[in-house]
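Values quoted throughout were computed directly from the atomic coordinates according to the rules given, and no laboratory measurement underlies them. This one's a predicted model, so the numbers in the text were calculated from it and none came from an experiment. Counting neighbours? That spans all protein chains shown, and the Cβs are built from the backbone with ideal geometry, glycine included.
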Amino acid sequence: MKIGIYGFGAMGKIIAKAAIERRYEIVAVVDIDSNLVGRDAGLAMGLDEKLGISVSSDTAVLANADIVVHATGSYLDKVFNQIALVVDMGVDIVSTCETLAYPYYRYPVLARKLDDLAKARGVTVLGTGVNPGFLLDTLAMVLAASFNSIRKIRAVRSIDAAKRRESFRKKIGVGENPEVVEDKLRRGVITGHVGYAESTLLIADAAGVQPTKVVEEQSPVVAEHDVESAGVKVLKNMNKGIKGYGSAYIGDKEIIRVEFHAYVAADEYEEIVIEGKDYTVKWRSTGTPGDPATAAVILSLVERIKEQKPGLLTMADLVPFRPRITL
């Protein structure tokens, strides 16, 4: 399979390395960073040998790929033209864009346009990753398959932000004044986590229910004392990360809730609790490393994307299980 990489930042490089390990052929790499353009992609990602492909600013090189992995931004309105350009080339695309995981919530018009274009060009578009895309939504859909009647689904992911990339710590404001972080989140200067609503709505879509209300919030986590983990230290009263959630309601009843905790020295785990009419099941992990897991999810789907129908798909379209939520 010939793969093109659109966006050669930290995540793009991680995906490219994993693709090479899987013995895929990388035929094109695109980025706008002048420090990368013109460099051999292998050397640019820190490999010991050249890949034989130079990083290009010309998106036309992506036409040589069977499928493009897109990893440039979180918000569909900012990256729509990038994705549409690849689709117009007649090339399938899988993107890490968080809001593309369920674009009908924030961007219904753009979602329709993208779906129409993909069908016209006979290609498939999918937004996915580890979160949203797998741990807090798709995995919950699968675990819910063993229930005949579900009252509520709750999924939590908790990670130690100190063990993640510096760029991730910056977008959740680690080490800053909590009031400043709160203001930055409100103004969109930093994003925190993107995808609370998308994860809840993926589950709702798979279950065939229409929430009457979706709520999402996130806020700083203030260090009650000096805290340190993995060489990252946060002083007392400063921000050590974020906590956030997304909830879907039918009437006044919360039926789906996803939570994301990301702060320095947090316990690492994922937990999914499914409350059924007759019994409750709790699944808990020891934590999933986000970056390699994202690459694994993306590439696993790359292997299956040619089997899918043309158009804009979500993970709810791909998972065969349909949770049955009853009030």
Which peptide among 32-38, 294-300 comes first, and what is the full order, when sorted by highest mean count of other Cβ atoms within 10 Å? 294-300, 32-38
Output the pairs from Lys243/Lys277; Lys163/Lys277; Lys2/Lys119; Lys17/Lys171 with a Cα-Cα distance over 27 Å in this structure; if there are none, say none. Lys243/Lys277; Lys163/Lys277
Two-decimal Rg/Rh across segment 270-327, once Rg and the Kirkwood Rh are taken from alpha-carbon atoms: 1.06
Placed amide H near Lys152: partners under 5 Å, 5+ positions off or other chain: Glu275
Distance in nm between Ser57 and His225 label points, each 7 Å along Cα→Cβ, equals 5.2
Once phi for every residue in segment 24-32 is put through the Karplus expression 6.51 cos²θ - 1.76 cosθ + 1.60 (θ = phi - 60°), the whole-Hz ³J(HN,Hα) values, with Gly and Pro written as x, are 7, 9, 8, 10, 7, 9, 10, 7, 9
If you take log10 I(q)/I(0) by the Debye sum over Cα atoms at q = 0.07, 0.08, 0.10, 0.11 Å⁻¹ from the coordinates, which of (i) -0.29, -0.38, -0.60, -0.73; (ii) -0.35, -0.45, -0.68, -0.81; (iii) -0.26, -0.34, -0.53, -0.65 do you get? (i)
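Note the direction-averaged projected area, equal to a quarter of the hull surface, for the Cα convex hull of segment 1-88, in nm². Please list the in-between numbers first.
On the way: hull surface 21.5 nm².
The Cα convex hull of segment 1-88, projected and averaged over all directions, gives 5.4 nm².
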Extension gain (nm, one decimal) between Arg165 and Val215, 0.36 nm per residue minus Cα-Cα: 15.2 nm
For the chain, what does the helix formula give at 222 nm: sum of -39500 (n - 2.57) over DSSP H segments with n ≥ 4, over the residue count, nearest 500 deg cm²/dmol? -8500 deg cm²/dmol
Using a Gaussian network for the chain with springs between C-alpha atoms less than 10 Å apart, which of these wobbles most: Ile83, Ile159, Ile53? Ile53
For Lys236 and Ile32, calculate 0.36 nm times their separation in residues minus their Cα-Cα distance, and state this gained length in nm to one decimal. 69.5 nm
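Report the calculated FRET efficiency for Ala293 and Leu327 (r = Cβ-Cβ distance, R0 = 45 Å), to the nearest 0.05.
Numbers: r = 34 Å, r/R0 = 0.75.
About 0.85, to the nearest 0.05.
Please compare each pair in Lys78/Lys184; Lys78/Lys152; Lys113/Lys309; Lys50/Lys170 to a cut-off of 22 Å on the Cα-Cα distance and tell me which ones are over it. Don't skip to the answer; put the middle values down first.
Details: Lys78/Lys184 19 Å; Lys78/Lys152 34 Å; Lys113/Lys309 17 Å; Lys50/Lys170 31 Å.
From the list (Lys78/Lys184; Lys78/Lys152; Lys113/Lys309; Lys50/Lys170), the Cα-Cα distance tops 22 Å for Lys78/Lys152; Lys50/Lys170.
Grab the eigenvalues of the alpha-carbon gyration tensor for segment 138-288, scale each by 5, take roots, and send me the semi-axes largest first in whole angstrom.
Working: eigenvalues 192, 61, 26 Å².
Semi-axes, largest first: 31, 17, 11 Å.
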Kirkwood Rh in Å, taken over segment 38-185 so that all alpha-carbon pairs contribute: 18.4
Amide H partners (placed H, <5 Å) of Val221, local residues excluded: Lys240, Gly241, Ile242, Lys243
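Hey, can you rank 250-258, 318-326 by average C-beta count inside 10 Å, highest first? Kindly include the intermediate steps, with their values, before the conclusion.
On the way: 250-258: 18.6, 318-326: 16.2.
Packing proxy ranking, top to bottom: 250-258, 318-326.
Add +1 for every Lys or Arg and -1 for every Asp or Glu among the other residues with Cβ under 11 Å from the Cβ of Val130, and state the total. Can you show the working numbers first?
Working: positive: Arg157; negative: Glu98, Asp137, Glu270, Asp291.
The answer is -3.
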